[in-house]
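The numbers here are math on the coordinates, done by the rules we state, and not lab data. Keep in mind that this is a model prediction, so the values were computed, not measured. Note that we place each Cβ from the backbone using ideal geometry, even for glycine, and neighbour counts take in every protein chain shown.
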Amino acid sequence: MTDRREPPTAKSTVVAPDLAATAPSSAASVEPPRRTRARLGSQVTIVAAANAAVAGLGFLGSVLVLPRALDQHAFAAASLFLAAFQCLQEVLGRSLYWATMRLCPVAEAEQPGGGARMLASAWRLQLRFIVLGGAAILLAAALLHPVLDEHGEASRALMIALAGLAAACAVVQQFGLGTLQLRERFAAFGAWMVANSAARLCAWLLLWAAGLLDLPTALAAHLLVTAVVAFALRRRTAPAPIGQPTVALAPMAQAADRARLLGFGGRMVLATSLAAMAAQVDLFLLDARADDAATGHMRIATQFGVALELVTSAVMAALLPQAGRARTAAERRAVFRRAAACGLAIAALATASLPVVRAVLPWLLPKYAAAADLYPIVLLGVVCTALTDPLGLLFVSRDRPGRFVLLNSALLAVVVLGNLFAPGADRAVVTAWVRTAGRFVLGAGILLFLLRDLRARPEPPVPPC
């Protein structure tokens, strides 16, 4: 997608001061390198700490509280709910915020007030994704009801419908969090992330202590907390108080903004939906071909890698606003250097975790001691992700979201075909190797695209507004 200039609209626009501050000026000042590195380091630290807290709180809730409070059938239904909740967020357009972060600074640079106008257009488009996607989820749940609920257990179709409702609230949350990222308010970003997970865990613990925690109350608490946090965050991040006009949106400007957002964000939504499927489907395929012990070992091995992948996500969250504003070759080189340096640091940390995990895991979870043999295989994929995923942010600055669709399609194909056809008696080991192979294919694709960009003719500089 090529950025294009639009003529100023006849109606005046108003931009939020903190949003306007994120847009590049015509005479962009160069921040001192030390200050830039210090600020980036603090941003990564804040987001990494928030991700670590969210992972820890989620582990306590879904791995320690729910299995102890619920019976086997109820816990299986709750697990389905949580898995569907994660995937359906992408179906409802959670990743539209990538396009918002890229295009708001560009629109502000093209025309004063364009950033707030683009943000308002993105919110309206996000609501359309939620409504249309939610209707599709409800229809799918109704059609799948005869297949999923044939055994008379807790309704799986109802779990999917409730997960879709909770996912809609979570998408509203993510839009608010993306707005905080756009404004580089990372302290607030981390605080809201932790508050959501902490409130959900506290609700489950209070219900458990009162003897009221069962499947309906667990799901109701999850849904209620997600909805309340989403509403509160939306009020705090809206450009103006609810009920007051933020910007004057001319019809032609709205249509142009939607086209630009869909051109970028639509492909990001598809790409992240494919990635979410690739992250979950291998465990379901393993469940179908192996016993519960093999699935449990694989789950535990991957959970230790999740903590390190959250650090990678923190780096990408901190660099995403800078990547979205990068428009010149020099700015992209700066993003590349920072992403590569952070990736190397995370890869070193991941490598150092190997002896620690292999020593601690049998003591911490003796029933899952065999997972320690799977962790080195999974770790290879974690290291590859740390080294290459942050570099993919350059696709954002070049307006190439379609590359994420191609790469994640290849990842999903490797995971599905590998688990279905790769030989091996120990299916957990096969699944671990297939998971890592998919990460290597994804990393190789990112590097090939970057090499192609390096060999391409340099892009002409964008003239100042």
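To one decimal place, what orientation-averaged projected area in nm² is obtained for the convex hull of the Cα set of segment 264-455?
Computed as one quarter of the Cα hull surface, the answer is 10.8 nm².
Listed by Cβ neighbour count within 10 Å, with the fewest neighbours leading, 302, 295 appear as 295, 302. Per residue, the convex hull spanned by the alpha carbons of segment 335-400 comes to 82 Å³.
Give the calculated FRET efficiency between residue 124 and residue 373 to the nearest 0.05, with a Förster radius of 41 Å applied to their Cβ-Cβ distance.
FRET efficiency, residue 124 to residue 373: 0.20.
If R0 is 25 Å, the Cβ-Cβ spacing of residue 71 and residue 417 corresponds to a FRET efficiency of close to 0.10. Considering only 312, 384, 402, the residue lying farthest towards the positive end of the dipole of segment 264-455 is 402, judged by Cα position with unit charges set on Cβ.
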